[in-house]
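Could you have a look at this structure, given as structure tokens, before my questions?
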Amino acid sequence: MADVEAAVRELVERDRDCTEKALAHMDLRRKINLLIGEWKAAGGGDVLPNVRDRMRLRSAKTSGSPLRVIARR
């Protein structure tokens, strides 16, 4: 979805028609909202992570000591 959003921004900055890409972006957002609605209807009640939370989790995973790979002979 970020790729589509970036494409829309690029087209707008170059004063080009972005209708097709913008409609694709809105369709993706609509699908995500439907999926979240289905998840909630199925009993999902957890707070979904936002971008900041996901980035924090990603950095916590990579900040630990790296795994050492032991080569076998």
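The values are calculated or read from the model by the stated rules, or taken from the named source; none is laboratory data. Since the model is a prediction, treat every value here as computed from it, not as a measurement. These accessible areas exclude ligands, DNA and RNA; they are computed on the full protein's heavy atoms, side chains included. Shrake-Rupley method; radii C 1.70, N 1.55, O 1.52, S 1.80 Å.
Provide the convex hull volume over Cα atoms per residue for segment 5-45, in Å³.
Convex hull of Cα atoms, per residue: 50 Å³.
What does the accessible area of Lys21 come to, in Å² to the nearest 10, when a probe of 1.4 Å is used?
90 Å²
Give me the number: length gained by fully extending Arg16 to Ile36, i.e. 0.36 nm times residue separation minus the C-alpha to C-alpha distance, one decimal in nm.
Gain in length upon complete extension: 3.9 nm.
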